[in-house]
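Contents: one structure, followed by commentary.
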Amino acid sequence: MRMMVFTYDVTITDVSDNYAVVGGVGAPVFSMPSADASKQDISGQGVSEGVNALVDAAALWRAGASFSTADPALDKYVPSRPGVWPAYEAVVPRGDVDALLHRFGAAGMWAWESLRAAAGVPRVVVDADHRSLPHELGLIGEAVHLRKGCYRGQEAVARTYNLGKPPRRFVLLHLDGSSEDLPKLGAEVTNGDEDNVVGAITTVLWHYELGPIALALVKRSLPLDATLSIDSGRFAASQQPIVVVPDEVSPVEQFRREKRANVAPLKDERTGTATPPST
């Protein structure tokens, strides 16, 4: 942050020790007294008066986090998430955390993460790696803009969207549940032969209805009905696509095909045989 201050007379102070982040799932239960009457006002319940404003602003940002596409013009890489994850986060004074948890109850991060995974919502710090593209995770139009320039990675984002395809896709895996254990994060996903590695696990946990589930990045060329196994065959799984890569041929590939089709075969003057041009 301090690196960004070069023009304005501003002072940046680290107040991390004074605040905490509290998250919730469902309709936001915090609000300012003047906001939607269906929400609950928590002022006067052992919580500082300023909490309402802080929480309400955060709730509006994350409410209905099924991450619907913001740009209606987008027609590719729009996620079809398996469920809805209406989650929100609030920044509150640390002294108010106990009162909030007592008022609304605490479920824990495993419950939070299982609902997120079942809805097919990626958490970039765990579901992405150094090779990830926003197209793979369904973040085009939600976290990455196609009409704004001058940001890091813009060229790769625009080129992949307009001219190519991402090498992988993001999927929800339904494990067969034959084992009481769960695969480890990063476990290899294979198709058929154990040596045929097609992806890796990024999130894995138990869901209260679906049982053992996982999120994974797999090869784009992997058939949707492929039989998958994890961790050298210890776990069997079926995949549910979250972001479907379009089947149409990209302009670049179309150009290459037309160019190959228009190139005359090479003729061997000694034998008189024609050899197709190299592809």
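Every number in this text was worked out from the coordinates using simple rules, so none of it is lab data. Keep in mind it's a predicted model, so treat the numbers as computed, not measured. Counting neighbours? That spans all protein chains shown, and the Cβs are built from the backbone with ideal geometry, glycine included.
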(message) Nothing charged except the Cβ atoms of Lys and Arg (+1) and of Asp and Glu (-1): what's the magnitude of the dipole of segment 134-241 about its Cα centre? Round to the nearest 20 debye.
(response) 860 debye
(message) Going through the cross-link list Lys165/Lys219; Lys76/Lys259; Lys76/Lys219; Lys76/Lys184, which pairs have a Cα-Cα distance over 20 Å in this structure?
(response) Lys76/Lys259; Lys76/Lys184
(message) Quick check on the exposure proxy: order Trp85, Trp110, Trp206 from fewest to most C-beta atoms within 10 angstrom.
(response) Trp110, Trp206, Trp85
(request) Averaging sequence separations of C-alpha pairs under 8 Å and six or more residues apart, then dividing by the length of segment 134-241, give the relative contact order as a whole percent. (result) 29 percent
(request) Enter the Cα centre distance for the pair segment 148-183 and segment 79-127, rounded to the nearest angstrom. (result) 22 Å
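If I take R0 = 30 Å and measure r between the Cβ atoms of Arg147 and Ala107 in this structure, what FRET efficiency does the formula 1/(1 + (r/R0)^6) give, to the nearest 0.05?
On the way: r = 39 Å, r/R0 = 1.29.
Efficiency computed from Cβ-Cβ geometry: 0.20.
Assuming R0 = 45 Å, what is the FRET efficiency of Asp14 and Glu180, from their Cβ-Cβ distance, to the nearest 0.05? Mind dumping the intermediate values first?
On the way: r = 44 Å, r/R0 = 0.97.
Working from the Cβ atoms, E equals 0.55.
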(request) For segment 134-241, state what percent of all Cα-Cα pairs lands in each successive 5 Å bin, counting from 0 Å until the bin that includes the largest distance. (result) 2, 12, 22, 19, 14, 12, 9, 7, 3, 0
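Order these peptides, 163-169, 19-25, 147-153, by their mean beta-carbon neighbour count within 10 angstrom, highest first. If you can, show how the numbers build up before the last one.
Working: 163-169: 19.6, 19-25: 16.3, 147-153: 8.1.
Output ranking for 163-169, 19-25, 147-153: 163-169, 19-25, 147-153.
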